[in-house]
Amino acid sequence: MMNLNSPLFDKVRSKPVADEPRAEEGPRCEHPGCARKGEFRAPKGRVHEGEFFRFCLDHVREYNQSYNYFAGMSEGAVQNYQKDALTGHRPTWTVGVNGGPGPESKLDAATLLRARLERLRKARAAAGEPRRRVGKLALKALEALGLDENADRATIRRRFKDLAKRLHPDLNEGDRSREDKLRAIIDAYNYLKSEGLA
Ligand SMILES: [Zn+2]
């Protein structure tokens, strides 16, 4: 049986949305999966003059790092990279040789962002920078929450609160499968906390 008097539930009950950013407080971070406030602007790039992404502090830093990886690259190298990043998609742009429309003009902002972040990840791996070390159990726990090893503390907490709210017994009268799922999520979250990951 599930202990509905667990302090964990009190937390979920008493602080449902109070510390979540609200839509009217301004733009959200545009990093995929991040719900923090987009308090920082980052230029979208060469052919998007005057356009900006909105990011939280962590993600504007990450973005700026990935942006710098492109800064020193030739146009051809950027295009080759983007072809790789868009596996399965035939590139539709024409090659811009002398300042003509480059690949970026044909890519929507989200694709461009994904490409940059993916490049950063590959560059780090190629540089032999150690990947975040996450044990097998922690990885399983993250997967139970629908996350991967890159999820940061804030993302893990947010996801847990979100799932716990949705699966809460108050909202799902006696639905056994949801109760089991909730138990699994609580176990996963507690494990991540015990490992200092959440
Ligand atoms: Zn963010």
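Strictly over 32 Å apart at the Cα level, which of 37/165; 136/165; 44/181; 44/165; 37/140 would you flag in this model? Checking Cα-Cα distances, 44/181; 44/165 exceed 32 Å. Close amide H partners of residue 52, meaning residues 5 or more places away or on another chain with modelled amide H under 5 Å apart, are 44.
Counting only heavy atoms of protein chains, what accessible area per residue, in Å², does segment 151-196 have with a probe of 1.4 Å? For segment 151-196, the solvent-accessible area averages 57 Å² per residue.
The values are calculated or read from the model by the stated rules, or taken from the named source; none is laboratory data. Small disclaimer: the values here were computed from a predicted structure and weren't measured. Only protein heavy atoms, including side chains, enter the accessible area calculation; ligands, DNA and RNA are left aside. Shrake-Rupley method; radii C 1.70, N 1.55, O 1.52, S 1.80 Å.
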